[in-house]
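The values are calculated or read from the model by the stated rules, or taken from the named source; none is laboratory data. These numbers were taken from a predicted model, which means no experiment stands behind them. Here the Cβ is made from the backbone with ideal geometry for all residues, glycine too, and neighbour counts use every protein chain on show.
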Amino acid sequence: MCKISVEFVAEIQAKPEKIWDILADAESWPKWQGTDFVKLQTPAPLKKGTLFAANLGGMRWDITVLEAERPRSLAWVAKRPGLKCVHSWEFQEREGKTVATTKETMTGWMLIPLYFMARSGLSKTDSKWLADLKVKAESS
């Protein structure tokens with residue numbers, strides 16, 4: 001089975017609690033993250049077991065939150081026919097700043113014909129998402 005993994009790290013001039021709260025408010029993603037659709041089945045913020053749908057990377061995904069430990073980590077699994085993604089975020093405070101790490105792994109039979117396009121798209125989407133989170137956290 002094909003597999004793509006990406007990881008990005010950024011230093012953010014904000015407390016981990018603030019960054020986590022921004023990311024866990026999925027309904028606000030369209031205002032800063034670039035998605036045009038997020039629909040939660042339960043009210044925000046995200047918590048373990050939350051189910052929602054979102055357009056991410058140009059595709060509609062069904063998402064289940066796997067981990068939500070404020071302010072340290074947030075992770076979910078996103079699925080659509082032929083693809084599965086596990087996306088995690090970690091926040092560590094160091095010397096008054098936060099080191100934010102995002103990791104994502106995509107698997108599924110649909111990667112076979114789409115491997116190079118999917119690898120490029122996943123990399124661009126996740127690096128932009130982290131950059132947008134940094135801007136949002138540092139400006140608000």
Filter result for the condition that a residue is under 22 Å from Lys15 (Cβ atoms), modelled with pLDDT of 95 or more and not hydroxyl-bearing (Ser, Thr, Tyr), over Asp62, Asp132:
Asp132
Answer from Leu46, Leu56 - the residue that is in contact (Cβ under 8 Å) with a residue 24 or more places away in the chain and under 17 Å from Ser5 (Cβ atoms):
Leu56
Show the residue pairs meeting these rules: Cβ distance below 7 Å; 6+ apart or different chains; first residue within segment 70-98 and on the phi > 0 side of the Ramachandran plot; second residue in a loop (DSSP other than H, G, I, E, B).
Gly82/Gly108; Gly82/Trp109; Gly82/Met110
Considering only segment 28-56, state which residues are under 13 Å from Leu133 (Cα atoms) and loosely packed, with under 13 Cβ neighbours inside 10 Å.
Lys31
Residue list for segment 5-53, filter: among the β-branched types (Val, Ile, Thr), modelled with pLDDT of 95 or more and either more than 14 Å from Thr64 (Cα to Cα) or assigned to a helix (DSSP H, G or I) (or both):
Val6, Val9, Ile12, Ile19, Ile22
Val65 versus (1) over 19 Å from Val135 (Cα atoms); (2) of a type in the set (A, V, I, L, M, F, W, C); (3) assigned to a loop (DSSP other than H, G, I, E, B): which is the lone unmet condition?
(3)
Just need a number here: residues in segment 107-125 that are touching a Lys or Arg at 6+ places or on another chain (Cβ under 7 Å) and either part of a helix (DSSP H, G or I) or buried (at least 19 other Cβ atoms within 10 Å of the Cβ) (or both).
1
